1. Give me a count of the residues in the range 111-133 that are at pLDDT 70 or above and within 30 Å of A89 (Cα to Cα).
2. Please determine whether any residue of the range 19-30 is in contact with an Asp or Glu (Cβ under 9 Å, 6 or more places away or on another chain) and surrounded by fewer than 10 Cβ atoms within 10 Å (Cβ to Cβ).
3. Test each condition in (1) outside any loop (DSSP other than H, G, I, E, B); (2) modelled with pLDDT under 85; (3) polar (S, T, N, Q) for S13 and report the one that comes out false.
4. In this structure, does R52 turn out to be surrounded by 10 or more Cβ atoms within 10 Å (Cβ to Cβ) and either among the basic types (K, R) or touching a helix residue (DSSP H, G or I) at 6+ places or on another chain (Cβ under 9 Å) (or both)?
5. May I ask you to list the residues in the range 57-110 that are among the β-branched types (V, I, T), more than 23 Å from the chain's Cα centre (by Cα), surrounded by fewer than 10 Cβ atoms within 10 Å (Cβ to Cβ) and at pLDDT 90 or above?
Amino acid sequence: MARRVRAKKVAVSLPEESAPEHWLRTIRFSGFTVLMLGLLILAVVVLAPNLRILIEQQQTIAQLQAQVDEAQESVDDLDVNVARWDDPAYIESQARDRLYYVYPGEVSYLVTGDADQVTTADGVPVSTSIQTTQIDWVQSLVSSIYTAGLTDKAPDDLTDPATEGPEQ
């Protein structure tokens, strides 16, 4: 038998590895580890769509709950409004404000027009100071009475005493 010659072992220097490369090189995968990783990936693939649907449903439920709360506040406000109508004083005030009802013997004044109007119909600005009238209304009234009582003219022939002086 021939004798075998043993080869000498020579040390070979490998390039230096960084820490992550060294850590990655030392990992050993067993069959159990591969099986567990496969099951984990399968669980993520199977459950991800259902989890997305669950999150969307939770958001929809939150939106609908907000709408229900808003509607409940509206119903509460309407219930308070309906309860007001049980009070006779409230009914009376609403009839006065909305329908302009008054008790017999009362006088109601209704002001119409734009409150922000700052000019008259002639386009003259409204003054904030007190002004005197240009026509003496007392003289016009007395003149009208004398003219109506002392004239022989027909009513259609009479003129406005404010525009003309008294007849002579």
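The values are calculated or read from the model by the stated rules, or taken from the named source; none is laboratory data. Predicted, not measured: the structure shown is a model, and the values here were computed from it. As a convention, Cβ positions derive from the backbone with ideal geometry for all residues, glycine included, and neighbour counts pool all protein chains shown.
1. 2
2. yes
3. (1)
4. For R52, the condition - surrounded by 10 or more Cβ atoms within 10 Å (Cβ to Cβ) and either among the basic types (K, R) or touching a helix residue (DSSP H, G or I) at 6+ places or on another chain (Cβ under 9 Å) (or both) - is met.
5. Within the range 57-110, just V82 meets the criteria.
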